[in-house]
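Working notes, structure below.
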2 protein chains.
Amino acid sequence: MKHLIHTLNKAFDHRVRLGVMAVLMANESVSFNDLKDALDLTDGNLASHVAALEKAEYVLVSKQFIGKKPNTTYSATAAGKVAFQQHLETLEKLLRG
Amino acid sequence: MKHLIHTLNKAFDHRVRLGVMAVLMANESVSFNDLKDALDLTDGNLASHVAALEKAEYVLVSKQFIGKKPNTTYSATAAGKVAFQQHLETLEKLLRG
DNA sequence: TGAAGTACTTTGTGATGCAAAGTTGAAGAA
DNA sequence: TTCTTCAACTTTGCATCACAAAGTACTTCA
């Protein structure tokens with residue numbers, strides 16, 4: 001028999017990725033540095049987790065210039081929002097009885 | 001600044017361990033085989049995850065005989081219940097804004 | 001004697017996590 | 001013009017983890 005834990009999305013099975021998605025659900029778009037500060041992560045650590053979410057097509061990366069400075073912003077894709085919602089629902093079911 | 005994700009308990013940062021704890025919160029004690037079947041895991045997989053929870057002193061292991069058969073049962077320790085509750089509260093806070 | 005059940009442990013392989021250091025390119029200071 | 005800084009990564013290196021599959025030890029039942 002298949003338990004709920006096997007329907008949890010592996011892409012979100014990590015506290016950093018949970019944090020990233022939570023922030024991106026609450027904010028339409030967030031810059032690299034804001035996200036880094038919000039979650040208190042090192043550059044490399046954030047970059048690698050976001051890369052994983054990008055590869056899964058749950059996060060969209062946009063690069064542009066603000067004034068003269070390069071600026072990278074992240075946002076959740078439609079698929080990302082759906083997948084995350086489902087993940088949360090599964091979690092909730094799992095965590096009460 | 002320290003984000004909530006850093007207060008999530010690493011011992012529970014995995015779907016299998018979430019599943020084990022969820023079952024042990026709902027049932028005072030569960031046998032190896034019942035847990036294995038409930039979560040649909042292989043012997044080795046369950047054994048290694050439970051070992052991690054036992055090492056953290058979140059799960060208590062009791063070995064006895066039922067009739068003539070060896071029987072191992074697991075239960076959550078007091079510390080385990082508290083830690084898991086805290087973990088869930090942190091999760092909830094994290095997952096709404 | 002042999003098959004089956006219980007509860008692991010071991011092995012092997014590959015993926016993951018993380019800090020720290022390195023990189024690239026542009027901007028502003030000295 | 002040389003130096004430093006900032007942004008956003010990438011690379012490196014190491015340690016840990018996850019998991020399947022196979023092996024183990026003991027016992028019981030046929």
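The values are calculated or read from the model by the stated rules, or taken from the named source; none is laboratory data. Quick caveat: nothing in here was measured; it's all calculated off a predicted structure. Cβ: placed from backbone, ideal geometry, glycine included. Neighbour counts: every protein chain shown. Side chains included, ligands, DNA and RNA excluded: accessible areas come from the protein's heavy atoms. Shrake-Rupley method; radii C 1.70, N 1.55, O 1.52, S 1.80 Å.
Please give the residues from segment B:1-16 for which the solvent-accessible area of heavy atoms, probe 1.4 Å, is smaller by at least 40 Å² with all protein chains in place than with the chain isolated.
Correct list: B:Met1, B:His3, B:Ile5, B:His6, B:Asp13, B:Arg15.
Leaving ligands, DNA and RNA out of it, report the carbon-plus-sulfur percent of the accessible area of the protein assembly as shown at a 1.4 Å probe.
Heavy-atom surface of the protein assembly as shown belonging to carbon and sulfur, 1.4 Å probe: 51 percent.
So, how do all the Cα-to-Cα distances of segment A:10-92 break down into 10 Å bins, in percent, from 0 on up?
18, 55, 23, 4, 0
What is the spin-label model distance, in nm, from B:Val82 to A:Glu89 if the labels are put 7 Å beyond Cα along the C-beta direction?
Output for this residue pair reads 3.7 nm.
When the Kirkwood hydrodynamic radius is evaluated over all pairs of different C-alpha atoms of the protein assembly as shown, what value in angstrom, to one decimal, is obtained?
After inverting the mean inverse Cα-Cα distance, the result is 18.3 Å.
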